[in-house]
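Asks: Sharing a structure here in structure tokens format.
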Amino acid sequence: MKKVIYMFIATLALASVALATESQIWGEMRIPNILGYGQEETLKLGALFTLLQSKYFAWIFLAVLIGVPSVFFLHYKLVGPKVFPHSHKKHYAFNLFHRTVHQIAAVSFLVLIPTGFIIVFGDFFGGGTLVRMAKNLHGIFTIPFAIVVIPMALMWLKEALFNLEDVKWFMILGGYLSKEKQVINATQFNAGQKMWYWVAILGGITMILSGAIMFFLDFKMEMLHNLTGLSQIDLLRVAAILHNVMGFAVVALFITHVYMSMFAIKGAVHSIITGYVEEEEVKYLHNAWYKKLKEKGKF
Ligand code: HEM
């Protein structure tokens, strides 16, 4: 029942946003409406926006795209993956609802991120059909992510709350800098996983809203104007700056999430496919959670 309610909330939230729009979104009114965005009351963000957009954003995205995987390639070569036997007991940690929500988010991101890069490097790709297609795919695959982001937020909220143990985890980066298998006193989600949760959820929602403002460019956003006092053109510029800056964090943490779950711990990816986590992996990397599961006779 709870799950049906989560889905219902998400669908409602989306429906209400769609209903809020009242202007002609597509076709011939699009550009003329933008031209109507006189400079009245504008924060004159034009100069800052053009500077960031033309001089910094693309280079920072390139640095994330090359830098983050390079660091993990080095980690894999110098420290290597943690290997735990998969022959011991297992615990059912992710039910069908968790995995369905997760996989929808995963597939969305596997389209959103590459198409986002094609848009950022639109000139390099020569503009035209490829970039236009990437832009439309980017818009379309936002929808499934927008539907699952609230259910994901609610289903893992309790596990994602930080505690004092997380400070210790950050100080030793969860033991991932040493080849040795250390017992880490983390709960079900360690501090790194909690950080990804909050960036994926809060960052994801920021990307959806700022992206929607840019995608629907011309619909009159009276409510937002009254709320922020920003003119239409400034709302667009703030949305673009937010989408880029939050994009740096979401992309960097997404690459980290994929590396941690597919390479840093051998075979960990199975947990989000089958729902089962391995006893040894939980015992070493999530020892506080392991003790709780032991008490409940789960292991
Ligand atoms: C191809 C992409 C992805 C892969 C291979 C992947 C893999 C995994 C795996 C194996 C787990 C379970 C980790 C554990 O045993 O605790 C997991 C958990 C999780 N995933 Fe993903 N995931 C992907 C994409 C995403 C996306 C796009 C999001 C959200 C936008 C996401 C959000 C989460 C969260 C919040 C968790 C729980 C906390 C954590 O383990 O980090 N994942 N994922």
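Asks: Set the Förster distance to 25 Å, then compute FRET efficiency between PHE73 and ILE273 from the Cβ-Cβ distance, nearest 0.05.
Replies: Details: r = 24 Å, r/R0 = 0.97.
Step by step, r from the Cβ atoms, then E = 0.55.
Asks: A follow-up question, please. With all protein chains present and a 1.4 Å probe, how do ILE147, ILE265 order by accessible area, largest first?
Replies: Per-residue accessible area, sorted high to low, gives ILE147, ILE265.
Asks: Sorted by accessible area with a 1.4 angstrom probe, largest first, how do LEU65, LEU202 fall?
Replies: LEU202, LEU65
Asks: Something else about it: What shape does the range 88-136 have by the C-alpha gyration tensor, where a ≥ b ≥ c are the square roots of the eigenvalues, rounded means a/c under 1.5, and otherwise prolate means a/b greater than b/c and oblate the rest?
Replies: Note, shape of the range 88-136 comes out prolate.
Asks: Strictly over 28 Å apart at the Cα level, which of LYS77/LYS135; LYS89/LYS179; LYS82/LYS135; LYS82/LYS291 would you flag in this model?
Replies: Table pairs above 28 Å Cα-Cα are LYS77/LYS135; LYS82/LYS135.
Asks: Determine, for each peptide in 266-273, 244-251, the mean count of other beta carbons within 10 angstrom over its residues, then list the peptides with the highest first.
Replies: For the peptides 266-273, 244-251, the packing ranking is 244-251, 266-273.
Asks: Now for a separate question. Ranked highest first by average number of other Cβ atoms within 10 Å, how do 277-284, 253-260, 161-168 line up? Mind showing how you got there, number by number?
Replies: On the way: 277-284: 21.5, 253-260: 18.9, 161-168: 12.9.
In descending order of packing, they fall as 277-284, 253-260, 161-168.
Asks: Given a 1.4 angstrom probe, I'd like the percentage of the accessible area of the range 149-204 that is carbon and sulfur, rounded to a whole number.
Replies: 73 percent
Asks: Output ³J(HN,Hα) for the range 203-211: one whole-Hz value per residue in order, computed from phi by the Karplus curve 6.51 cos²θ - 1.76 cosθ + 1.60 with θ = phi - 60°, and x for Gly and Pro.
Replies: In residue order, the calculated couplings are x, x, 5, 4, 5, 5, 5, 5, x Hz.
Asks: Given the protein chains as shown and a 1.4 Å probe, how many square angstrom of PHE263 are accessible, to the nearest 10?
Replies: 100 Å²
Asks: So, in nm, how far is label LYS298 from label LEU96 when the simple model puts each one 7 Å beyond its Cα toward the Cβ?
Replies: Once both label points are built, they end up 2.0 nm from each other.
The values are calculated or read from the model by the stated rules, or taken from the named source; none is laboratory data. Nothing here was measured: the structure is a model prediction, and the numbers come from that model. In this analysis, Cβ positions are derived from the backbone assuming ideal geometry, glycine residues included, and neighbour counts consider all displayed protein chains. Just the protein is used for accessible areas: all its heavy atoms, side chains included, with ligands, DNA and RNA removed. Shrake-Rupley method; radii C 1.70, N 1.55, O 1.52, S 1.80 Å.
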